[in-house]
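I have placed the structure first, in the form of structure tokens, so that the comments after it can refer back to it.
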Amino acid sequence: MQVRNYYLNWNSIYQQLSKVTLLMLLSLSIVFSTVQMPVSAALSTDTKTELTILESNIDRFLTNIPSGFFTVSSVESLKGILLDRPQTMIIDVREPSEYRSGHIPKAINIPIRTLSNHIQEIPRDRPVILYCSTGYRSAMGLMTLHLLGYENVRGFTPSYAGWRMAGEAIAKS
């Protein structure tokens, strides 16, 4: 099934996001500087056009995501996936100290801030599920990996907190 046939060229989006990151830093430096001028005044017409195109592309991407497509929404669903597909990789994107204090069994630890350094360790040919403590960091990791072309990655929305509250087994390292 070609779920992404309507998506844009991911390399183009990545390049645009890189530009936006620089523009955001520029904007923040302008906003927090002593010079009092509107941020939009500092941007060229070409940059404003690129930002408008990027905003439209991101909006189209986000509105076309099928409901529940990128998520594992319950502890029972995750347990079912792990039974049906034992080759599934579970990645805990929390900090090492959080991981050591308790994690979902068989999960590996790749902190979100080091995800790009470990990209070669993340398979493209089998399911990958990300989680963190509340869902915020795993959502960032999920979006990052999808922007890099990973179509096999989902986020475990109940997160570690949901797993623990369900009384499931906790591994410690």
Check cross-link reach from residue 172 to the aspartates and glutamates: straight Cα distance under 13 Å, and skip same-chain residues fewer than eight apart. 92, 98
Ordering 76, 168 by how much accessible area each has at a 1.4 Å probe, largest first, what is the list? 76, 168
In what sequence, highest mean first, do 117-125, 99-107 appear when ranked by Cβ atoms within 10 angstrom? 99-107, 117-125
Phi to ³J(HN,Hα) by Karplus 6.51 cos²θ - 1.76 cosθ + 1.60 over segment 103-116, Hz, x for Gly, Pro: 8, 5, x, 6, 6, 9, 9, 10, x, 3, 5, 10, 3, 5
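The values are calculated or read from the model by the stated rules, or taken from the named source; none is laboratory data. Given the structure is predicted, the values throughout are model-derived calculations rather than measurements. Every residue, glycine as well, gets a Cβ built from its backbone with ideal geometry; the counts of neighbours run over all protein chains shown. Just the protein is used for accessible areas: all its heavy atoms, side chains included, with ligands, DNA and RNA removed. Shrake-Rupley method; radii C 1.70, N 1.55, O 1.52, S 1.80 Å.
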